[in-house]
Each structure stands twice: as C-alpha cells, then as structure tokens.
Amino acid sequence: MTVVRGIGLRHVLWGMTGAGPATGPSLYHWCPMSDQPPASPHLYPDHPRVGVGVLVWKGDQLLLIRRAKAPLAGEWCLPGGSQELGETLFQTAAREVREETAVTCRPTAVLTAVDGITRDPRPPGAGPEVAAPVRFHFTIVEIMADYLSGDPAAGDDAAEALWADRATCGRLVTWPSIKAVVDLGWAARQSRERGG
C-alpha cells in the first residue's frame, strides 16, 4: 500500500503506486483488452510519451471532460494530451484544452507530474515472472490554467465537456489517480486564494 503525497489516499493494484514527494502520484493500473483502440499511435510504445493534464479554473469551477477514447474511455477527467515536437508544456496545455473543449485558457503553473502506465492483463495462469505488455506509457505533467474564453463543447478525444464545482468533481471523477490530482488542484487553488 502506498500513501500518495500526503493526500491520504491509499490504493492497491487499481490506482496509485510508486508515489512520493519526488515522483508524485501514478496512474498505474491493469486494463481490459476491450479498452484497446483499433489504431492508436500511442499503443505498445517503445518509450514513454510526454503528455499534459490541464486544470482550467473559472471562478470556483474546474473544466472536466468525459473521455471518448482509450486510455480511460468513459471516465471523467481533465482535458489534456500528448506534447508535440517543438511545443512547450504550456503550449501543449493551451492547444489540448482548445481542441478537446473549445475553451481558451492561460496556463500558469505546473502542479505535479504523474506516471500513466496501462498494461495488458497477464495470460491466465501466468506466474509473476511473466511481464504483462505495456499498452500505454505517459509521463503526464499536470498544469494549472486560468479560463480566458469560450463555452465547453466536446471535441477531439472528449465525449462531453463541462464546468464542475467541487461537489460535482467529487461525484464525476472516480478514477483514484485522477481524483488525487483533482483534489491536489483544489487544495493548491484554496492555498493560492488564501495567499499561501
């Protein structure tokens, strides 16, 4: 069992592992084969990819999307995606939010970084010496951003997009590692508002 960055969340197998002050939470989990897209450029990588998750704030609301594609299809999470060659993290954050939600934002700070690793299930009866293939592997940098303009409209990898207050976030965001990042974002936001 791992305690994640003092947030108080504990999770075994489905959720967070390898977390700590230097590494942050992890999105390590096992995933069923039905979650596999037919032709993803990120599928079965030979090296980790860099991505961003973006916490876009509009007053006391956070921008959420429900993912339309793997990984985590159907889950409510933060908008974000892969960094492109030549882009800064903040450029990636602004582009991905615009593509997935039609919202324009101004990235302001790096909140944390997490490991997003999805593995195929081990074959039935396989022992611990049989490594499960890595289906997706992302290093995800979580970015804080301020809302500038636009109304949420699902696009690109998003099936839905909406503004959510803290209670709505708590109800919609159920994936443990994403919930940990969202909770960390709310705590950072409250600290900033108090001047801390």
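Every number here is computed from the coordinates shown, using simple stated rules; none is lab data. Since the structure is predicted, the reported quantities are computational estimates derived from the model, not experimental observations. All Cβ positions, glycine included, derive from the backbone under ideal geometry; neighbour counts span all protein chains shown.
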> R0 = 30 Å: FRET efficiency of residue 106 with residue 69, Cβ-based, nearest 0.05?
Replying inline: 0.65
>> At a 10 angstrom cut-off on C-beta neighbours, averaged per residue, how do the peptides 112-121, 83-92 rank from highest to lowest?
In response: 112-121, 83-92
>> Please list, ordered by chain and number, the residues whose modelled amide H lies under 5 Å from the amide H of residue 139; skip anything fewer than 5 residues away on the same chain.
In response: 49, 50, 51, 116
